[in-house]
Structures are given as C-alpha cells and as structure tokens.
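Written below as structure tokens is the structure these notes are about.
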Amino acid sequence: MLKFIKSKKYELSLIILLLIVIEYGLKQISLPMIAEGDAYSRALVGRQMAANNILFRLAVTNVWLPLHFTIINIPHWFGVDLFFGQRLATLIISSLGIIAIYLYTLEFFSNKNIAFLTSLLFAVFPLRLFLAAQTLSESVFITFFILFVYFLIKKKKSSRDLFLLVMLNFICGMTRFESWFFLPIALISLIMDKKISTSIKINLFVAMTVPSVLWILKNGNQSGQSFSFFQEKYAMAQKELNLRYFNFEKTWLD
C-alpha cells in the first residue's frame with residue numbers, strides 16, 4: 001500500500017487538490033455572480049433553451065458561440081436545479097483544468113515536479129478562483145483548450161488521440177472565438193507531423209475547420225452578413241473609449 005502511494009503520490013496529490021478546489025467553489029455557488037452581467041445573460045439564455053427542451057441550438061445569438069449554453073445546461077437534463085446546475089457544471093469543468101494543465105505540462109517537460117507545481121499555481125490563480133463558479137464561458141473554455149493543446153503536442157498520437165483532438169477542437173471552436181485564432185497554428189503543427197499520413201492530415205484539416213465554417217455560414221444565412229458576429233462586437237467596442245489601450249502607464253498599473 002505504501003509502495004503504491006509513493007509511486008502515485010503526484011496523482012493522489014492532484015486528486016486531493018482537485019477536491020479542495022471544488023469544495024471551495026461549492027461555497028461560492030451560494031453567492032451572487034459579480035464578475036459581469038454576461039454571466040446572468042448567459043444563464044438566462046440557457047434557461048430559455050431548457051424551457052423549450054432544446055439541448056443545442058446553432059442560432060442562439062450572433063455574438064456568442066452556441067455550445068456553452070448546452071454545456072452549462074447538462075445537469076438540468078439530469079434533474080438538477082437549472083441555475084444551480086449551470087454553476088455546478090462551470091465549477092466542475094473549470095476545476096478539471098487543473099488536471100488538464102498537469103497533463104499538458106508533463107507532456108511538455110516530462111517532469112512530474114514541474115507538472116504538479118504548475119497545477120498548484122493554476123489552482124490558486126486568483127482569476128481562475130474568481131471565475132470558477134460564474135456562468136461565463138472563459139473558465140469552461142480554458143479546460144477544453146488546454147486538453148486540445150495537450151493532444152496536439154503529444155509525441156505519439158494514436159487514432160483515439162486524433163479523434164479526441166478533433167472533438168476538443170469542435171468544443172473549443174463552438175465555445176469561444178479565441179480558438180479560431182489558434183487553429184492555423186494547430187493545422188501547421190499537424191501538417192509538419194511526419195508520423196501522420198497525408199490522407200489523415202486532409203481529413204483532420206476538413207474536420208477541424210467545421211466549427212468556424214459552420215458558424216460563418218449560419219451568420220450569412222441568418223443575418224445576410226457572414227461576419228456579423230465580428231461587426232457587432234466591433235461596434236460594441238467603439239461605444240466606450242478605454243484609455244488603457246493607449247496609455248502604457250495606466251495599463252502597467254492595472
């Protein structure tokens with residue numbers, strides 16, 4: 001038994017750390033969400049979908065990708081109170097990012113000491129703790145994105161790994177636009193991987209561009225403007241001037 005504990009000390013420590021983080025997060029669920037109004041807006045969009053028995057809807061909004069609402073509503077379909085379930089799903093998925101970053105760092109450095117220290121620092125990172133139980137898409141997205149990068153950098157990729165890579169890319173690509181900016185890097189990385197055959201690379205390229213292409217086509221069909229989501233976000237950004245964008249001193253102080 002002691003031999004097993006010693007050989008698995010990092011894995012066991014990681015599980016204990018995860019349980020502590022979730023326990024801390026459960027206490028936050030009873031408190032109001034104070035990050036920003038979008039947390040409540042997203043929760044209400046999810047409620048509207050649940051009220052109409054909709055698990056996934058592509059045409060939810062033009063500025064928010066649709067999969068986040070499906071993810072936070074999952075507990076509801078198992079009988080959990082809707083709003084509590086939305087925050088619980090966010091908490092659990094965001095907390096699993098601790099495991100994800102351990103796997104990623106271990107793959108990158110091949111050193112369990114560094115991997116566990118990184119996970120510990122990520123676990124107590126103030127912004128992660130602050131957003132862990134608030135129904136924003138950032139904390140959910142980051143877990144899936146780290147896992148996506150983990151499978152991308154794996155030295156030996158099995159067919160199962162490539163399947164999970166495509167699935168995680170779809171989840172990320174349908175949750176936040178940031179993953180779209182990373183997609184060219186991911187595709188170039190796969191193209192340069194000599195262990196993957198050309199036919200598989202072509203299939204991966206097609207599969208991994210599905211989320212962005214699907215969303216652009218949806219926007220074109222729904223609003224007549226394929227990039228209406230970008231135009232709306234840009235228009236909102238112009239309504240209020242943020243002096244920190246143009247002032248290094250203010251940015252540094254922040």
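Would you mind telling me which numbered condition in (1) in contact with a helix residue (DSSP H, G or I) (Cβ under 6 Å, 6 or more places away or on another chain); (2) touching a residue at least 24 places away in the same chain (Cβ under 8 Å) L65 fails?
Of the numbered conditions (1) in contact with a helix residue (DSSP H, G or I) (Cβ under 6 Å, 6 or more places away or on another chain); (2) touching a residue at least 24 places away in the same chain (Cβ under 8 Å), the odd one out for L65 is (1).
Looking only at residues in region 153-177 that are in contact with a Leu (Cβ under 7 Å, 6 or more places away or on another chain), part of a helix (DSSP H, G or I) and not β-branched (V, I, T), which one is nearest to F230 (Cα to Cα)?
Only one residue tops the list, namely L168.
So which residues in region 166-181 are in contact with a helix residue (DSSP H, G or I) (Cβ under 8 Å, 6 or more places away or on another chain), without any contact (Cβ under 8 Å) to a residue 40 or more places away in the chain and among the hydrophobic types (A, V, I, L, M, F, W, C), if there are any at all?
L168, C172, W180
Out of region 22-60, which residues are more than 30 Å from I216 (Cα to Cα) and of a type outside the set (A, V, I, L, M, F, W, C)? Even if it seems obvious, please write down each step before you answer.
So in region 22-60, the residues more than 30 Å from I216 (Cα to Cα) come out as 22-34.
E23, Y24, G25, K27, Q28, S30, P32 - these are the residues of region 22-60 that are more than 30 Å from I216 (Cα to Cα) and of a type outside the set (A, V, I, L, M, F, W, C).
Of a type in the set (A, V, I, L, M, F, W, C), in a loop (DSSP other than H, G, I, E, B) and surrounded by fewer than 16 Cβ atoms within 10 Å (Cβ to Cβ), is that true of I196?
Considered against the rule, which asks whether it is of a type in the set (A, V, I, L, M, F, W, C), in a loop (DSSP other than H, G, I, E, B) and surrounded by fewer than 16 Cβ atoms within 10 Å (Cβ to Cβ), I196 comes out as yes.
When region 215-251 is examined, which residues are found to be more than 19 Å from W64 (Cα to Cα) and at pLDDT 75 or above?
Across region 215-251, the qualifying residue is only E249.
Taking into account only those residues within region 184-220 that are under 21 Å from the mean Cα position of the chain (by Cα) and among the hydroxyl-bearing types (S, T, Y), which is farthest from L162 (Cα to Cα)?
Across region 184-220, the extreme among qualifying residues is S212.
Out of all the residues in region 30-61, which are outside any loop (DSSP other than H, G, I, E, B), within 22 Å of L214 (Cβ to Cβ) and not hydrophobic (A, V, I, L, M, F, W, C)?
The answer is R42, G46, Q48.
Can you list the helices (runs of 4 or more DSSP H) lying wholly within region 62-151 that have 3 or more residues being crowded, with 19+ Cβ neighbours inside 10 Å and within 16 Å of the chain's Cα centre (by Cα)?
So the answer is 67-73, 82-109.
The values are calculated or read from the model by the stated rules, or taken from the named source; none is laboratory data. In this text the structure is predicted, and so the values were computed from the model without any measurement. Neighbour counts are summed over all protein chains in view; Cβ atoms, including those assigned to glycine, are modelled from backbone coordinates with ideal geometry.
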